[in-house]
Structure formats: structure tokens, C-alpha cells
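Here the structure comes first, spelled out in C-alpha cells, and everything after it is commentary.
The values are calculated or read from the model by the stated rules, or taken from the named source; none is laboratory data. What you see is a predicted model, and the numbers here were worked out from it, not measured in a lab. Cβ sites come from the backbone with ideal geometry, for glycine too, and all protein chains shown count toward neighbours.
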Amino acid sequence: MQTKTAEYQIINGNAPFLISSPHEYCHKRPTLTGVYKQGEKNTNRICKDICKESQSSGILITRDIDYDPNYSKKNRNPYKKEVEKIVKENKCKMFLDIHGLNPSHEYDIGIYYLSRFSKSKRMARELREILDKGQLKGISIHIFRVPDNGQETLTEFVASKLRVPALQIEIAGYIREDEILRDSLVKNICNFLNSY
């Protein structure tokens, strides 16, 4: 079953995981300049495919919006409020936030975890190992700590406030745009989820 509002779509699943895609469309970064950031193509598709294959719940943005679902504070962020509701109601055991990777980076996938949560760090290592298979064997996968810069990403919000292991996955454009590589990515992420 799916629920759709003016801003986001919810996919209901049976597995205790929540997959998120907050940046498919243009969104306004919470900065003094009020700059709009372009959408990250095919992140919604990846989210939907993971949910379908793994029976996970999902949430994804459905149009251009005037806030950033990832960075804006909860009181001005309907998406973040909905993430909290889904995690609590479904007793989620894991949260994966799907993003596009900035083309300026010289690696293929970045995995971000909150450093003070050892379970998230262990999950990041396990995900890296599982992603490096099939059509993605040999790609460059880096693991990073979520920067402690006062900005509360969805990953940080879910891990620190909701106490659920959370990872942000940033995926290079060439992987998101190639059907074979994208399918391999989805399969590998689903294998990772199935291991839990």
C-alpha cells in the first residue's frame, strides 16, 4: 500500500526497515543564501526498487519543495516528522537514506554513519563488503563519519534521536543512470537488508 501527499510518498512494507529518498527534486538548503539545490536523479527509483524487493517501507519526495528534507529542522520539515512517525510505528531496526553523489568526488559510493554509534559503524562496513559484488565489484566505496557540524541530517536524527541504526548512502551518477549497475546496487542492498 502507498500513501501520497503533495510533497512525499510513503511505501508501506512488512520488513522492519525504512528506505528514504529526500532529494530527487529541487529543494531549498537551509542557508543564509537560500539557494535551491538540484535534484538527484534516480534516487527515488532506487528507493522504490529496494522497497519492492526487500518488502521495506519507504518515503520519497515527489516534487520541488522550499525546504531540505535532509537538513531542515524537524519543526519546519514535514518529511522528517513523517520519518519519525514511520520509524516508531513500524519499530524499524534500520534506516537507509539514499542520495546522489556530488560529481566532484573521486569515488563511486560514500557511506555515512554517526560515529558515536558502534552498530551503525559496523553496518557501514558490512554494507561496503556486500556492495562490492556482482556488477559493482571493484568500485571505490568510502566510509565516512557524519560531520559534527551542527546540521542534523536524517541519518543523524534517526540514529541520535530515535536510537535506530542509520546510514546515508551517496551514489555516483553513472551508477544511478545505468540500468544494469542500478539493478546490481539494488540487489546488493537488498542482500544486506536480508542479512538482518
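Couple of notes before you dig in:
- Neighbours by Cβ (under 6 Å, 6+ apart or cross-chain): first from segment 59-86, touching a residue at least 60 places away in the same chain (Cβ under 8 Å); second in a helix (DSSP H, G or I) and of a type in the set (F, W, Y): P69/Y79
- Any pair with Cβ under 7 angstrom, 6 or more apart, that starts in segment 169-188 at a residue that is at pLDDT 95 or above and ends at one that is among the small types (G, A, S) and surrounded by fewer than 19 Cβ atoms within 10 Å (Cβ to Cβ): S184/G134; K187/G134; N188/G134
- Applying the condition of being small (G, A, S) and at pLDDT below 95 to segment 79-112 and asking which residue is nearest to the chain's Cα centre (by Cα) yields G100.
- Within segment 119-148, tally of residues that are under 19 Å from the mean Cα position of the chain (by Cα) and either of a type in the set (F, W, Y) or outside any loop (DSSP other than H, G, I, E, B) (or both): 19
- Filtered residue count, segment 87-112, keeping only those that are in a helix (DSSP H, G or I) and surrounded by fewer than 19 Cβ atoms within 10 Å (Cβ to Cβ): 2
- Residues that are touching a residue at least 60 places away in the same chain (Cβ under 8 Å), at negative phi and in contact with a Pro (Cβ under 9 Å, 6 or more places away or on another chain) within segment 87-122 comprise N90, C92, K93, M94, F95, D97, I98, H99, listed in sequence order.
- Breaking point among (1) more than 30 Å from E89 (Cα to Cα); (2) touching a strand residue (DSSP E or B) at 6+ places or on another chain (Cβ under 9 Å), for Y174: (2)
- Hits in segment 98-132 (condition: in contact with an Asp or Glu (Cβ under 9 Å, 6 or more places away or on another chain) and under 15 Å from V146 (Cβ atoms)): H99, G110, I111, Y112, L114, S115
- Qualifying residue in segment 58-72 (condition: loosely packed, with under 14 Cβ neighbours inside 10 Å and in contact with a helix residue (DSSP H, G or I) (Cβ under 8 Å, 6 or more places away or on another chain)): no
- Enumeration of residues in segment 132-168 that are of a type in the set (S, T, Y) and modelled with pLDDT of 95 or more: S140
- Every condition in (1) of a type in the set (D, E, K, R); (2) under 23 Å from P69 (Cβ atoms); (3) assigned to a loop (DSSP other than H, G, I, E, B) is met by R182 except one, and the failing one is (3).
- Screening the candidates A172, A166 for the property of being among the small types (G, A, S), surrounded by 15 or more Cβ atoms within 10 Å (Cβ to Cβ) and under 13 Å from the mean Cα position of the chain (by Cα) yields one hit, A166.
- Filter result for L162 (touching a Leu at 6+ places or on another chain (Cβ under 8 Å) and aliphatic (A, V, I, L, M)): no
- Residues (crowded, with 20+ Cβ neighbours inside 10 Å, touching a residue at least 60 places away in the same chain (Cβ under 8 Å) and closer than 19 Å to V158 by Cβ) located in segment 124-137: L127
- In segment 11-63, the residues that are hydrophobic (A, V, I, L, M, F, W, C), within 22 Å of V164 (Cα to Cα) and modelled with pLDDT under 95: L60, I61
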